[in-house]
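**Student:** Quick one: the structure is below, and I'll ask about it shortly.
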Amino acid sequence: MSSTAIPTGPSKRLEAFRASVVRDLYSPDNFVDWDEVERELEGWAAAIQALQRLIDVEAQSEECLAEVIEHEPLTVEVMRRLLAAPQGAAFADGRELSAQVPATREGRASLARLLNEIGIWRLLRPSAHVEDLVRVAAVTSDAERRRLRRLRSVRSRIQNLVQDVLDTLRTEPGLPLELLAPRLLPASVRRTADIVVALEGTPIAAIRSVFLSSSGGRQQREFTSTYPRAQRELDTIPAAFVLIADGRGMADLPDAVLENLFDSIAACLTFAQAEDGGLAHVLTEAAENYGRRRDVAIPVDRIIEETLSETGMVVAEQLPVLNDAARLSLARYAQLHPELELNLGPLGESLSWSRAEDVSRATALLSRFDAPSAIRLFAGLLEARLDTPRDAAESAWESALVVPTADLALPGRFLAVAYMGPVDESLFRAVARAGLQAAPEAKLAVLLAPAAPAWSFSDRRRLQSVLPANVIVVTAANLVGFARGADSPRDAFASIMLEQSDLTKVSPYVVSNATPQRMYYGRDTEEATLLGTLATNSVALLGARRIGKTSLMRHVIPSLKGANFRPFFGDCQTVRSWRDFGALAQRWWGVNLPEEFEPRHLWELVSRLNDGSGHQIVILLDEIDQLLDWDRQHTAEEVPEAFFRACRAISQEGLAQFVFSGERTIAGKLWDPYSPHWNFCRPLPVQQLAREAGEELLLRPLNALQVVVEGEARFRDQAWKVSSGHPQILQSLGDRLVRNLNERAPNERGRIGPSDLEQIVGTYEYSEHYLETYWGQATALERLLSLYVTEGAVSPADLAPVLAAQGANVGEGVVTDGLRMLELYGIVRREGAGYSLRAEWFPTALSSYGGVEQAKERFLRSMS
Amino acid sequence: MRGFNLRRAVPLDSPAYVSRPFEETLRALLLARRWVLLLGPRQHGKTTGLLRVQEQMVGAGIPCALVDLQSMSPPESYTELLAWFAGRVARNLTGGRLAPVDPRDARQLESWLESALPPGDTPVVVMVDEASAIRDEGWRNAFYGQIRSIANQAAAAEEGSLARRVTFLFAGTFRPETLVDDLNSPFNVCEPVDTGDLSEEDARMLWRAAAEEGDSPFVDRAYELVGGQPYLLQQMMSSVASVDDPERETAFEEATELLRSGRDDHFGALFGRVLAEPALKDIVSRLVRDGAVPNEPANRDFRYLQVLGIARREGNQLLFRNHLYAEFAQGSPQLTATQDAGRAGTTLVVPLDGACAFMRDAELAEIALSSYRGAVTAYNAGNYRLALAGFGAALEAVLLEWLESISSTELAAKVTAASGADFRGRERRNNPATWRLVNMMTVARAAPSALVGAVNPHEALREWRNLVHPAEARRQYRREDELEAEARGASALLEIALREVARIHT
């Protein structure tokens, strides 16, 4: 079979392609999905009637509108549609045109006011016909679905075309073509192919269909980079990459991009060309050549490649073509190999390695592996310093401590061993043990060797999992790759680490303890407030457990020193009495105090801490709640709460300021207007991270591990939605992602996307962890209150009678306190006189346990 | 047959062993230097697993100590406790060498640990088995609080310091949130790991390894009944393996019957903990009634039932862990609150050590507990006369202890208020130790501080203690099996009295 649709010459090929491109694929019969529009209108019939009645009969007032909203909640959705805001909208002043109808009268009045201000009456004029208005709005909404209809139509059209072509070709001798699942392709091209055609079970062509409604940078990159790379990958099978592309965006692509694309892949056809015999032609050719592309191994490229490998540089004169053609060949080679770090001469007269010296040294190791040279080169590529290990007695190998700049993936130092002999399990174990001795915290040792062991993935994984440190094999060929590659050698090494490691050992996420400096993000506002306050007042950091109070305290210490304060940190977790506090002061700050420490000795403590420099003393006491409980239950010289009172007096005298961190006890003291400590120190809430910091906390470690996040915008949105920025939940999420990556084959560890997140979040365990984290310390009443908030904003005044009607007779004051505690836990946020949900994934998490209503019943039962 | 390991950790060289997934998880976490909390039911293979993990750690070059807190003799002081602990750590890490500890730091665990660690900066692992075994609450809080403090220091400590070197693992069957004060608990900074049951294939492998035979249908039948509970499985397999083929059916049935009877202390220890906590008892009673209970988020009682091993989670439901537990609970009048409850032939749960711990008179507490235990054992064996005597004695001990603990003024007031009290012969109104049981019950019910509704037995039960006397027994003769109902009622009455007196005491 042959085709007349595809000319072979470059210019005609382009001309024919452009001539057959269609700008769009809509057809009048499915441009608007009228059935769906009418279905929507039917669903809103009552709401439409209510609005019609409002403008026909009732007054156009906010009060009437609020009433209509109350009696017919769907009117809110209808009005959002009319205002072209189907998903709702948030306004700069904090108000929201939300998806939910407010549960309170106040909320509904506020919503009616907002709708008025937006201009709802401009649409709902006295003479308006609401159904017609809504129909227009529904058609507008349908426009968003149009693109999906088109996409489905394109996919179905290509599927049918391929099937037809295969059915036809199968009738010809020697062409028993069949379809194959894309998952049988190499992982790197799997997602690029929609359809795979095979001959006798072996892939010979991968087909991708694209309909481009517009062209932009990202789309162009696909044509200049993604698809050519896919073809190069497929060449190794070999298989042809066939792109069937159409649409306005294709028509707008520059000629150069299209020409490059035509050169880089087996075939690029418009839909019309493909249907006009072009696809059959391409598939026949692919089958006849068992997937090989014609002219794929261009001889000049081979010469360039060989010369670069041999000498590190190639000049135009060395090529067996005319000078202009030679320079073009060099330029084209550089363009086709963005993965290589090459220097193209100013006029294209030469091509050389950017790291020519390193490439030369690495290449020398390929032919003759020299252990000391390998270590020096490896460290040099990582821009790391070399150090001598403490115990370098092992004579069978050469070793050194590599000291790179530490980051989230690379430790500050690790052992590198270079060994000439074969790599086996016993060597691995010995290197791991030596790595543990030389750099105990590294959990990483590098084995530089002439060649890698031929182990299966599962064998290597089993071995790594029992070693005290991951042993990463870096071969001479890897070093050549580091030296030649466009990626920084550090990133290239991190990629190898990602492939070879037992990732549970190197996960940077800290799920159960205070966060070290390397994983600290955000909190700039809190830190600034802290520093700004301490000159004149003390501060209480109030927040739930695992929210980051300790991390903030520890992180602020250098800043305090920088601002000429004298900070003294004390962990009061084990301090349960005044005496314990005295022991803490002695142990942590080296101050000798009476063994029977009493609150009056605090003055003595402050005096001893004073070095006469004039710098303000700041005493940071982490987890103070237990000590305050003791303080409340004991008296000194008949003074109740003597410790806290002494702190207050010292603060007011300006002798020292305090930073306390705690939860319920200290919050209770500071919130209670009848407490003597009501205005002692400034309460500083420590709640969830701001969005940007939260996303960094999750994504930066992944990036450092060389994991690419696909669909990053959606990934970020989802991560935010399911965590609301809670640092512990984010770290736990990151850790689960890394553990899941650990289950994958080495070449599949480099990418994750929203579906990976969904997989974790969809588990019962995630819901359990989410609720345990947010609800862990909340009382039954507080949990119950949070359930009411999930249904819409509430105020204590509204909620107290509702609870009483359900048999939970607590006063408005108790409800207020409960909501305030929930605000401290980051579950709700205050809005005017009421509270709304802050941890927005709460209702979804509860759905794993039967939903909000069931939970409400349970708590109400337990309280009755 | 190599034999099964029923009441001890499986030795390292024993082939009668199947590795468990939790061991791999522990190894991975410890190698990643993460602190671990291993929770799981009793007799579930925790210690066996820890021994193997310890061996793997040492094999990997990481010194690892395994300290079983249950093996500690009651210490005289907190310092003695720390010294003992450090000694055990040192035994594994440095051959027992302990560096001297500054007397001023003798109450600091950190100092003792530093004295027990090998020199250098290599990481070490310390595994604490039976972590709930420190009885003294103050010492327990201090001990774990100081361990938590080590964890807190890790983020900012210097490389090579104790806080950066040591990785802790805690194991046991306990409630981490109540074992120590939640605020200074090291368990909050641990990664939780559950032991998990054996799989069906694990059970077959265990049989093949221990019995040295090919597959047997009895293994599948045992698994059907007890699931993957290692101890119960091995009990059944061991019974079957110990006899020849023709007798195996009988051996299997006898083993099943023995377990169903609750005579094995496994059941007493397990269900005793449930009965000791009203919240747990309520959930298990609902399990008996409904077959499944919706799991509740962030509810630690639900979590603890899984740790104990009674229940497992499937989807969002909590279910009995195996059929045998379900049958046992359904047959226990202590857990059935329906009209159907308490039918003849049911099984009672042997009370736990702490069932009478609220009593301030240690001797009377011991008498009450041993009488109670004897009564339950007798009941489960079908000896109802003895059971009645035991329940009566236990009840008498509980009431006597309580009446002796109240002030003389209050006692006098109660005696006056107890219109039905009839003091005869040697009975003295101001000395409850001289009273008959009937008077104790009457006074106990009287104001003030009355045991309202708690001690109000039917006439037929009142003199049960006397039924042990042959002459009395003959006078009111009932066949042994006919007394089951009275014995069951007596058990419930004692339970109510224990609950009420404990409530007043606390």
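**Student:** If residue B:95 passes every condition in (1) surrounded by fewer than 16 Cβ atoms within 10 Å (Cβ to Cβ); (2) touching a Pro at 6+ places or on another chain (Cβ under 7 Å) but one, which one does it miss?
**Tutor:** Tallying (1) surrounded by fewer than 16 Cβ atoms within 10 Å (Cβ to Cβ); (2) touching a Pro at 6+ places or on another chain (Cβ under 7 Å), residue B:95 fails exactly one: (2).
**Student:** From the set of residues in region A:554-563 that are facing chain B (nearest Cβ under 10 Å) and not basic (Lys, Arg), which is surrounded by the fewest Cβ atoms within 10 Å (Cβ to Cβ)? I'd like the intermediate steps shown before the answer.
**Tutor:** Pass one, region A:554-563, residues facing chain B (nearest Cβ under 10 Å): A:554-555, A:557.
With not basic (Lys, Arg) added as a condition, the list becomes A:555, A:557.
On the way: A:555: 20, A:557: 17.
In this case the residue turns out to be A:557.
**Student:** Here is a check on your reading of the model: is residue A:794 under 30 Å from residue A:710 (Cβ atoms), in contact with a Ser or Thr (Cβ under 9 Å, 6 or more places away or on another chain) and among the aliphatic types (A, V, I, L, M)?
**Tutor:** On the way: under 30 Å from residue A:710 (Cβ atoms): no; in contact with a Ser or Thr (Cβ under 9 Å, 6 or more places away or on another chain): yes; among the aliphatic types (A, V, I, L, M): yes.
Answer is no for this residue.
**Student:** Hey, could you check region A:438-468 for residues that are away from chain B (no Cβ under 11 Å) and polar (S, T, N, Q) and say which is farthest from residue A:743 (Cα to Cα)?
**Tutor:** Per the criteria, the residue is A:456.
**Student:** Of the residues B:50, B:26, B:38, which single one is of a type outside the set (Val, Ile, Thr), closer than 23 Å to residue B:227 by Cβ, touching a strand residue (DSSP E or B) at 6+ places or on another chain (Cβ under 7 Å) and within 13 Å of chain A (Cβ to nearest Cβ)?
**Tutor:** Within the list B:50, B:26, B:38, the selection yields B:26.
**Student:** Could you say which residue among A:267, A:272 is surrounded by fewer than 18 Cβ atoms within 10 Å (Cβ to Cβ), in contact with a helix residue (DSSP H, G or I) (Cβ under 7 Å, 6 or more places away or on another chain) and at pLDDT 90 or above?
**Tutor:** Values: A:267 fails: surrounded by fewer than 18 Cβ atoms within 10 Å (Cβ to Cβ).
So the residue among A:267, A:272 that is surrounded by fewer than 18 Cβ atoms within 10 Å (Cβ to Cβ), in contact with a helix residue (DSSP H, G or I) (Cβ under 7 Å, 6 or more places away or on another chain) and at pLDDT 90 or above is A:272.
**Student:** Can you tell me which residue is nearest to the other protein chains (Cβ to nearest Cβ) among those in region A:528-545 that are of a type outside the set (A, V, I, L, M) and either farther than 21 Å from residue B:152 by Cα or buried (at least 22 other Cβ atoms within 10 Å of the Cβ) (or both)?
**Tutor:** Of the residues in region A:528-545, the ones of a type outside the set (A, V, I, L, M) are A:529, A:532-533, A:536-538, A:543, A:545.
Okay, now just the ones that are also either farther than 21 Å from residue B:152 by Cα or buried (at least 22 other Cβ atoms within 10 Å of the Cβ) (or both), so A:529, A:532-533, A:536-538, A:543.
Numbers: A:529: 22, A:532: 24, A:533: 23, A:536: 28, A:537: 26, A:538: 21, A:543: 14 Å.
Restricting to residues being of a type outside the set (A, V, I, L, M) and either farther than 21 Å from residue B:152 by Cα or buried (at least 22 other Cβ atoms within 10 Å of the Cβ) (or both), the top hit is A:543.
**Student:** Among the candidates A:792, A:813, A:826, which residue alone is more than 14 Å from chain B (Cβ to nearest Cβ) and over 33 Å from the mean Cα position of the chain (by Cα)? Break it down stepwise before answering.
**Tutor:** Values: A:792 fails: over 33 Å from the mean Cα position of the chain (by Cα); A:826 fails: over 33 Å from the mean Cα position of the chain (by Cα).
It is A:813.
**Student:** Regarding residue B:50, is this residue closer than 28 Å to residue B:195 by Cα and modelled with pLDDT of 95 or more?
**Tutor:** Working: closer than 28 Å to residue B:195 by Cα: yes; modelled with pLDDT of 95 or more: yes.
So residue B:50 fits the description; yes.
**Student:** Another question, then. If residue A:511 meets every condition in (1) among the β-branched types (Val, Ile, Thr); (2) within 14 Å of chain B (Cβ to nearest Cβ); (3) crowded, with 21+ Cβ neighbours inside 10 Å apart from one, which number is that one?
**Tutor:** With respect to (1) among the β-branched types (Val, Ile, Thr); (2) within 14 Å of chain B (Cβ to nearest Cβ); (3) crowded, with 21+ Cβ neighbours inside 10 Å, residue A:511 is out only on (3).
**Student:** Select from region B:1-39 the residues that are without any contact (Cβ under 8 Å) to a residue 60 or more places away in the chain and polar (S, T, N, Q) and write down the one among them that is surrounded by the most Cβ atoms within 10 Å (Cβ to Cβ).
**Tutor:** The extreme case among them is B:14.
**Student:** Does region A:314-330 include one or more residues that are out of contact with any Lys or Arg (no Cβ under 9 Å at 6 or more places or on another chain), closer than 25 Å to residue A:221 by Cα and surrounded by fewer than 18 Cβ atoms within 10 Å (Cβ to Cβ)?
**Tutor:** Within region A:314-330, one or more residues are out of contact with any Lys or Arg (no Cβ under 9 Å at 6 or more places or on another chain), closer than 25 Å to residue A:221 by Cα and surrounded by fewer than 18 Cβ atoms within 10 Å (Cβ to Cβ).
**Student:** Right, next: Of all the residues that make up region A:804-839, how many are free of Cβ contacts under 8 Å to residues at least 24 places away in the same chain and buried (at least 23 other Cβ atoms within 10 Å of the Cβ)?
**Tutor:** Residues flagged as free of Cβ contacts under 8 Å to residues at least 24 places away in the same chain and buried (at least 23 other Cβ atoms within 10 Å of the Cβ) within region A:804-839 amount to 0.
**Student:** Could you pull out the residue among B:225, B:270 that is closer than 17 Å to residue B:41 by Cα and buried (at least 17 other Cβ atoms within 10 Å of the Cβ)?
**Tutor:** Answer to the check: B:270.
**Student:** Does residue A:658 count as more than 14 Å from chain B (Cβ to nearest Cβ), touching a residue at least 40 places away in the same chain (Cβ under 8 Å) and closer than 28 Å to residue B:186 by Cβ?
**Tutor:** Numbers: more than 14 Å from chain B (Cβ to nearest Cβ): yes; touching a residue at least 40 places away in the same chain (Cβ under 8 Å): yes; closer than 28 Å to residue B:186 by Cβ: yes.
Criteria met by residue A:658.
**Student:** So, one more: Do the conditions hold for residue B:500, that is, is it modelled with pLDDT of 85 or more, crowded, with 19+ Cβ neighbours inside 10 Å and under 30 Å from residue B:347 (Cβ atoms)? Outline the logic, then answer.
**Tutor:** Values: modelled with pLDDT of 85 or more: no; crowded, with 19+ Cβ neighbours inside 10 Å: yes; under 30 Å from residue B:347 (Cβ atoms): yes.
Spelling it out, it is not the case that residue B:500 is modelled with pLDDT of 85 or more, crowded, with 19+ Cβ neighbours inside 10 Å and under 30 Å from residue B:347 (Cβ atoms).
**Student:** Based on what the data block shows, is residue B:41 within 21 Å of residue B:304 (Cβ to Cβ) and assigned to a loop (DSSP other than H, G, I, E, B)?
**Tutor:** In short, yes.
**Student:** Do any strands (runs of 3 or more DSSP E) lying entirely in region B:93-203 carry at least 3 residues that are at the interface with another protein chain (Cβ under 9 Å from one of its Cβ atoms), under 25 Å from residue A:772 (Cβ atoms) and in contact with a His (Cβ under 9 Å, 6 or more places away or on another chain), and which ones are they?
**Tutor:** none
**Student:** Sticking with this one: All but one of (1) more than 27 Å from residue B:145 (Cβ to Cβ); (2) within 14 Å of chain B (Cβ to nearest Cβ) hold for residue A:626; state the number of the condition that does not hold.
**Tutor:** Here residue A:626 clears every test but (1).
**Student:** Anything in region A:831-849 that is more than 14 Å from chain B (Cβ to nearest Cβ) and aliphatic (A, V, I, L, M)? List them, or say none. Don't jump to the end; show me each part of the working.
**Tutor:** Of the residues in region A:831-849, the ones more than 14 Å from chain B (Cβ to nearest Cβ) are A:831-838, A:840.
Selection gives A:833, A:837.
**Student:** Of the residues in region A:452-467, how many are in contact with a Leu (Cβ under 9 Å, 6 or more places away or on another chain) and either over 23 Å from residue A:420 (Cβ atoms) or polar (S, T, N, Q) (or both)?
**Tutor:** Total meeting the criteria: 2.
Here is a yes/no grid of residues against (1) over 14 Å from residue B:5 (Cα atoms); (2) exposed (fewer than 14 other Cβ atoms within 10 Å of the Cβ):
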residue	(1), (2)
B:209	no, no
B:217	yes, yes
B:235	no, no
B:251	yes, no
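**Student:** For residues in region A:345-364 being over 18 Å from residue A:475 (Cα atoms) and of a type in the set (A, V, I, L, M, F, W, C), which is surrounded by the most Cβ atoms within 10 Å (Cβ to Cβ)?
**Tutor:** A:351
**Student:** Mind listing just one residue for me: the one in region B:294-329 that is surrounded by fewer than 19 Cβ atoms within 10 Å (Cβ to Cβ) and more than 14 Å from chain A (Cβ to nearest Cβ) and, of those, nearest to residue B:198 (Cα to Cα)?
**Tutor:** B:323
**Student:** Out of all the residues in region A:684-712, which are over 23 Å from residue A:662 (Cβ atoms) and not aliphatic (A, V, I, L, M)?
**Tutor:** Once the filter is applied, which keeps residues that are over 23 Å from residue A:662 (Cβ atoms) and not aliphatic (A, V, I, L, M), region A:684-712 yields A:691, A:692, A:694, A:695, A:696, A:700, A:701, A:703, A:706, A:710, A:711, A:712.
**Student:** Additional query: Could you list, in sequence order, all residues of region A:365-385 that are closer than 27 Å to residue A:519 by Cα and surrounded by fewer than 16 Cβ atoms within 10 Å (Cβ to Cβ)?
**Tutor:** Across region A:365-385, the qualifying residues are A:383, A:385.
**Student:** So, one more: Go through the residues of region A:601-610 one by one and say whether even a single one is surrounded by fewer than 22 Cβ atoms within 10 Å (Cβ to Cβ), within 14 Å of chain B (Cβ to nearest Cβ) and out of contact with any strand residue (DSSP E or B) (no Cβ under 9 Å at 6 or more places or on another chain).
**Tutor:** So far as region A:601-610 goes, no, none of its residues is surrounded by fewer than 22 Cβ atoms within 10 Å (Cβ to Cβ), within 14 Å of chain B (Cβ to nearest Cβ) and out of contact with any strand residue (DSSP E or B) (no Cβ under 9 Å at 6 or more places or on another chain).
**Student:** Which residues, counting only those in region A:810-848, are in a helix (DSSP H, G or I) and among the basic types (Lys, Arg)? Can you show your working first?
**Tutor:** Residues of region A:810-848 in a helix (DSSP H, G or I): A:812-824, A:842-847.
Answer for region A:810-848, where residues must be in a helix (DSSP H, G or I) and among the basic types (Lys, Arg): just A:820.
**Student:** Another question, if that's okay. If you go through region A:749-780, how many residues are touching a residue at least 12 places away in the same chain (Cβ under 8 Å) and within 14 Å of chain B (Cβ to nearest Cβ)? If you could, list the steps in order and put the result at the bottom.
**Tutor:** Looking only at region A:749-780, we keep the residues that are touching a residue at least 12 places away in the same chain (Cβ under 8 Å), and these are A:749-754, A:756-761, A:764, A:766-771, A:773-780.
Filter once more, keeping what is within 14 Å of chain B (Cβ to nearest Cβ): A:764, A:766-771, A:773-780.
Of the residues in that region, 15 qualify.
The values are calculated or read from the model by the stated rules, or taken from the named source; none is laboratory data. Treat the numbers as computed from the prediction; the structure is a model and nothing was measured. Please note: Cβ atoms are built from the backbone with ideal geometry, for glycine as well, and neighbour counts cover all protein chains shown.
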